[in-house]
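Here the structure comes first, spelled out in structure tokens, and everything after it is commentary.
The values are calculated or read from the model by the stated rules, or taken from the named source; none is laboratory data. Note that this is a predicted model, so its numbers are computed, not measured. Reconstructed Cβ throughout: ideal geometry from the backbone, glycine too, with neighbour counts over all protein chains shown.
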Amino acid sequence: MRAEQPQAVHLADYRVPAFLIDHVDLRIELFEDCALVHSRLNIRRNPADESQARDLVLNGEELGLESLMLDGRPVENHRVDEGFLTVPSVPEHFHLDVTTRIHPRDNTRLEGLYQSSGMFCTQCEAEGFRRITYFPDRPDVMACYRTRIEADREAYPVLLANGNPVDWGELEDGRHQVTWEDPYPKPSYLFAMVAGDLVEKRDEFVTGSGRTIDLRMYVEARNEAKCEHALASLKKAMAWDEEVYGREYDLDIFMVVAVDDFNMGAMENKGLNIFNSSCVLASPETATDAAYDRIESIVAHEYFHNWSGNRVTCRDWFQLSLKEGFTVFRDNQFSADMGSPTVQRIDHVNMLRTAQFAEDAGPMAHPVRPDSYIEIANFYTLTVYEKGAEVVRMIHTLLGPDMFREGSDLYFARHDGQAVTTDDFVRAMEDASSRDLTQFRRWYEQAGTPELRVTDAFDAESGTYTLTIRQSCPATPGQSHKEPFHIPVRMGLIASDGEALPLDAEQNTETVLELTDTEHSFQFSGLAERPVPSLLRGFSAPVKLDYSWTRDQLMFLMSRDPDGFNRWDAGQKLAVDVILSIQQGRDTEVDPRLVEAYRTLLTTPGLDRAMVARMLALPSTAWLIELTDEADVAAIDGARHQVEQTVARALRDELLQVRADHHPGGDYAFEPGQVAARSLSNSALALLTRIGDDQGRDQALAQFDQATNMTDRLAALKALVDSPFSQEREDALARFHADWQHDPQVVEQWFAAQSGSPWIGNVNRVTELLAHPAFDWKNPNKVRMVIGVFAGRNLTHFHSPDGSGHRFLGEQIRRLDAFNPQISAQLAQPLTRWRQYAPHLRDSMAGVLRELRDLPDLSRDLYEVVTKSLG
Ligand code: ARG
Ligand code: ZN
């Protein structure tokens, strides 16, 4: 147990800052073993602060205070406590000069200023700036920054910070300086600087108003050939934001930097976005289609933050979803416009329903706008990001695209340069549309996934069909009772001949039902027969929907629903029912209708191949666990495996035909047609090798040798890894490593192919990977690819009935917590849902959590996760 218990911060305790800072002048001297940070702050009392505090309190962590002057005179009566610097009785206006000494080389938490493979870089969100200098490190203190960086010219020829370069030159002892000025006031979490020996790739973008923006990407020389896709994505994102939201870029330079050691995906620092290498670097030979797709959306996400996050930022960290929910919604819209909207939506909802629903049903459940936290880094969650995006999407659905755009215009106009709340966002949407979103606001305040229970009745005499929908929401920590939500349900009705039925006098065949009460009935008249309902099209609300479709109805919807998302979802529901019936002993054989439905998909000409690939993928073990109380993972896995083997054996000829017909040749392009063809062909390959098919094995070996891109090469490798062909598998793994050991992003994939494999990724294998020379404890990507993928994706072995997987994770978390608490707390996530599992698994997971809780020097981050999980 920790010596002192970390305290929670509450939204209800929010007070405006006592002091405001108009200007920050930084001079940062970089040396090999330390950095000196000289900061001059222009400070004035905040007229809006009613407390009229006389003492200035600044945040600071792990800082050596070298000097402190107020209006040019040394301060003597200050106090330095754990986390704070207090200067008593300061005047109305003054300037404060602070010099701190920090140690970027020893900064293993990767928060603040740190070193990553020889370069210096920063990560300040949420509370990293206080690890650089003393400052009121909260997002509602916005200032203009001028940053001068000094370093050895040879080792660090490139020196970057936010804004525009305004001065540069030589200094003594082979050192040089570059000074940057950012004219836009910003919170400290958007501060960034970089120093390194980096190559620069240049491009440009001409804005709608005719300004030419310099685009610059900075990477290590070995990555020079991996910049093209990110720059192309950036230009698309810039054009899209002008077209769809009317938002133009506001500085003359936009910079992107890739760093290897990074706790998260990327960071939207003003004018200087910093990325995890794996979320920005790509070439056809080294990155898969999935990586290309991820990079396109993350580059766009960070760029979009320039308006939704930087120009308009968060008042406090409880409002994190103000910028993240809205920006994820924006990047989803962008990705939909760049490729197939339906496939994009399917992939997104699949992730939301498995991972975010699990979070919402577990002990860490919190509202999109949380009420309290112990460590804010733990609240960069799927709820804040993904559910937050769904909430914005529902506003878009309720208002329609035109009103939504008026609402966003009003939001940006009204709050430009301000730090605001989610409520301000909703109010702008209300004011622009004259819609009342009072009840809708509960989506921000109440945690938990609502459940819709749908029943129906058909009166043949009058031709009236009645749908009755009851909503409820389970209790979550601190919220035992929930008020009804305002829920948009997009739907349609389908006749037995597949015809979409008119729903109203205007002959519309699709409508949005708005639920506001606990129970609502909707009537549709003039129908000749009982229709099949198609509900929650496009997943119009983040809810669980329960309606007793028959298997025949689901098969009908799989081919006849006009909504592509619902076609996929009907297939998922059918497969879930088939798998869980086998697991629970209600069926002994796999329902042949499932096989026939898949056969139809594989043989119907003209279907979108990306859709067919998604529809052929059985529901994941994670989703099946989510749908089961007291989940017995081995039993669920066994049933899923039986269904997969039956389906793949029965469809062997069709799968081989897919392979013959659909594999794209020629040069690689990240283009929807090619991506779809690869994904279907590689899905077929995986199924063939999994049933031990010799032809499948030969094709995998040939593809592994001959592939000209990483999508196909890695797909072949994984097909062999997850197959009974043990000799071929080990040969391929060894060759893949020998060929790619020089490239960290590819080695990450090599690790994940093993740690994530239900066939080979057991505790012994994963333990070996930790001892591999390419594994590096200090590199979060390697840690995630081995330990995170094992615990998060390889549920077969993580939930090994003997508890070895759980204990393994506990040991690694303990080790990591000593030097990178953000990562240890992230890795503990899979343990938090222990109550969802069968007794033997539950006990072993809780046991590991208790051991962690009782450790002497637990970090705040991990403390919050384990105590809330057990509480
Ligand atoms: N704002 C960044 C993004 O969503 C994420 C930063 C997360 N940082 C953290 N310390 N949790 O793009
Ligand atoms: Zn973001």
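Within the range 266-282, the residues that satisfy the criterion of being farther than 17 Å from K323 by Cα, in a strand (DSSP E or B) and either within 14 Å of ligand 2 (Cβ to nearest atom) or at pLDDT below 95 (or both) are I274, F275, N276.
Just one of the listed residues (D731, D776) is surrounded by fewer than 21 Cβ atoms within 10 Å (Cβ to Cβ) and assigned to a helix (DSSP H, G or I), namely D731. The condition of being within 13 Å of ligand 1 (Cβ to nearest atom) and within 30 Å of S683 (Cα to Cα) holds for only one of A300, A291, A287, A282, that being A300.
Yes/no per residue for (1) within 19 Å of M555 (Cβ to Cβ); (2) surrounded by fewer than 17 Cβ atoms within 10 Å (Cβ to Cβ); (3) in contact (Cβ under 8 Å) with a residue 24 or more places away in the chain:
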| position | (1), (2), (3) |
| --- | --- |
| V595 | yes, no, yes |
| T600 | yes, yes, yes |
| T603 | yes, yes, yes |
| L624 | no, no, yes |
| A631 | no, no, yes |
| A634 | no, yes, yes |
| H641 | no, yes, no |
| Q645 | no, yes, yes |
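Tally time: how many residues in the range 139-171 are of a type in the set (V, I, T), over 18 Å from F31 (Cα atoms) and assigned to a strand (DSSP E or B)?
1
Among helices (runs of 4 or more DSSP H) entirely within the range 779-871, having at least 3 residues that are farther than 19 Å from G756 by Cβ and of a type outside the set (D, E) singles out 804-817, 821-827, 839-853, 860-870.
Any residue in the range 331-349 that is within 16 Å of ligand 2 (Cβ to nearest atom), among the small types (G, A, S) and either surrounded by 23 or more Cβ atoms within 10 Å (Cβ to Cβ) or under 27 Å from V675 (Cα atoms) (or both)? Checking the range 331-349: at least one residue is within 16 Å of ligand 2 (Cβ to nearest atom), among the small types (G, A, S) and either surrounded by 23 or more Cβ atoms within 10 Å (Cβ to Cβ) or under 27 Å from V675 (Cα atoms) (or both). Would you check if I274 is within 15 Å of ligand 1 (Cβ to nearest atom), touching a helix residue (DSSP H, G or I) at 6+ places or on another chain (Cβ under 7 Å) and among the β-branched types (V, I, T)? No: the conditions fail for I274.
From Y385, Y373, which residue is in contact with a strand residue (DSSP E or B) (Cβ under 8 Å, 6 or more places away or on another chain) and surrounded by 18 or more Cβ atoms within 10 Å (Cβ to Cβ)?
On the way: Y385 fails: in contact with a strand residue (DSSP E or B) (Cβ under 8 Å, 6 or more places away or on another chain).
Only one candidate passes the filter, namely Y373.
Would you confirm whether any residue within the range 40-60 is touching a residue at least 60 places away in the same chain (Cβ under 8 Å), within 25 Å of T122 (Cβ to Cβ) and part of a loop (DSSP other than H, G, I, E, B)? So far as the range 40-60 goes, yes, one or more of its residues are touching a residue at least 60 places away in the same chain (Cβ under 8 Å), within 25 Å of T122 (Cβ to Cβ) and part of a loop (DSSP other than H, G, I, E, B). Keeping to the range 179-193, report how many residues are closer than 20 Å to L215 by Cβ, surrounded by 23 or more Cβ atoms within 10 Å (Cβ to Cβ) and touching a residue at least 40 places away in the same chain (Cβ under 8 Å). Qualifying residue count for the region: 4. Check the range 251-260 and report whether any residue there is in a helix (DSSP H, G or I) and either in contact (Cβ under 8 Å) with a residue 60 or more places away in the chain or surrounded by 23 or more Cβ atoms within 10 Å (Cβ to Cβ) (or both). No. The set of residues in the range 416-445 being crowded, with 19+ Cβ neighbours inside 10 Å and touching a strand residue (DSSP E or B) at 6+ places or on another chain (Cβ under 7 Å) consists of A419, V420.
For the range 160-178, give me each residue that is surrounded by 19 or more Cβ atoms within 10 Å (Cβ to Cβ) and either polar (S, T, N, Q) or in contact with a Pro (Cβ under 9 Å, 6 or more places away or on another chain) (or both). Answer for the range 160-178, where residues must be surrounded by 19 or more Cβ atoms within 10 Å (Cβ to Cβ) and either polar (S, T, N, Q) or in contact with a Pro (Cβ under 9 Å, 6 or more places away or on another chain) (or both): N162, G163, V178. Quick one: which of I298, I253 is among the β-branched types (V, I, T), within 12 Å of ligand 2 (Cβ to nearest atom) and either under 20 Å from F205 (Cβ atoms) or in contact with a helix residue (DSSP H, G or I) (Cβ under 9 Å, 6 or more places away or on another chain) (or both)? Only one candidate passes the filter, namely I298.
None of R793, R814 is in contact (Cβ under 8 Å) with a residue 12 or more places away in the chain and farther than 23 Å from H737 by Cα except R814. Within the range 771-782, being closer than 21 Å to F736 by Cβ and in contact with a helix residue (DSSP H, G or I) (Cβ under 6 Å, 6 or more places away or on another chain) holds for A774, F775, D776, N781.
Checking the stated criteria, L493 turns out not to satisfy the condition of being assigned to a loop (DSSP other than H, G, I, E, B), out of contact with any Gly (no Cβ under 9 Å at 6 or more places or on another chain), touching a residue at least 24 places away in the same chain (Cβ under 8 Å) and among the aliphatic types (A, V, I, L, M). Considering only residues of the range 308-330 that are touching a residue at least 24 places away in the same chain (Cβ under 8 Å) and in a strand (DSSP E or B), which is farthest from ligand 2 (Cβ to nearest atom)? Among those that are touching a residue at least 24 places away in the same chain (Cβ under 8 Å) and in a strand (DSSP E or B), it is V312. Scanning the range 628-641 for residues that are out of contact with any helix residue (DSSP H, G or I) (no Cβ under 6 Å at 6 or more places or on another chain) and either not hydrophobic (A, V, I, L, M, F, W, C) or not in a helix (DSSP H, G or I) (or both) turns up T628, D629, E630, D632, G638, H641.
Would it be correct to say that L720 is buried (at least 22 other Cβ atoms within 10 Å of the Cβ) and either in contact (Cβ under 8 Å) with a residue 40 or more places away in the chain or under 27 Å from E596 (Cβ atoms) (or both)?
On the way: buried (at least 22 other Cβ atoms within 10 Å of the Cβ): yes; either in contact (Cβ under 8 Å) with a residue 40 or more places away in the chain or under 27 Å from E596 (Cβ atoms) (or both): no.
Judged against the criteria, L720 is not a match.
Regarding the range 409-421, can at least one residue be identified that is within 16 Å of N306 (Cβ to Cβ), among the hydroxyl-bearing types (S, T, Y) and assigned to a helix (DSSP H, G or I)? Yes: the range 409-421 contains one or more residues that are within 16 Å of N306 (Cβ to Cβ), among the hydroxyl-bearing types (S, T, Y) and assigned to a helix (DSSP H, G or I). From the list R222, R202, R247, the one residue that fits, being under 21 Å from S297 (Cα atoms), of a type outside the set (S, T, Y), at pLDDT 95 or above and surrounded by fewer than 20 Cβ atoms within 10 Å (Cβ to Cβ), is R202.
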